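Every read-out reported here was derived from the displayed coordinates using simple, explicitly stated rules and does not represent laboratory data. As the structure is a prediction and not an experimental result, all values here were calculated from the model. In this analysis, Cβ positions are derived from the backbone assuming ideal geometry, glycine residues included, and neighbour counts consider all displayed protein chains.
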């Protein structure tokens, strides 16, 4: 639950009456099965943050994570039980 609280704080800290209408955070399920997360970094303190090492882990068919920066967004995909790992990776990068 701490990661969810952290994500709530990250999101609300960027809401300025404008940003949340055009940008934001999307968390969806995918049919692999698994998770897809997109965090739009435009107009946030993370927009030009570097460095970013693409993160790819393939443990098993259902235990995998791919994280990248693409077109001003943090994008991540993972297996059905990897949501916490994805959020932890984003948090660590954002706070580094």
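Between residue 95 and residue 53, what is 0.36 nm times their sequence separation minus the Cα-Cα distance? Round to one decimal in nm. Spell out each step's value before the answer.
Numbers: separation 42, 0.36 × 42 = 15.12 nm, distance 1.44 nm.
Working it through step by step, the gained length comes to 13.7 nm.
A viscosity of 0.890 mPa s and a temperature of 25 °C, combined with the Kirkwood radius over Cα pairs in Stokes-Einstein, give a translational diffusion coefficient for segment 2-95 of 179 µm²/s.
Sort 57, 39, 65 by Cβ crowding within 10 Å, fewest neighbours at the top.
Ordered from fewest to most neighbouring Cβ atoms within 10 Å, 57, 39, 65 come out as 57, 65, 39.
If you run the Gaussian network model on the chain, springs between alpha carbon atoms under 10 Å, then out of 68, 42, 59 the most flexible one is 59.
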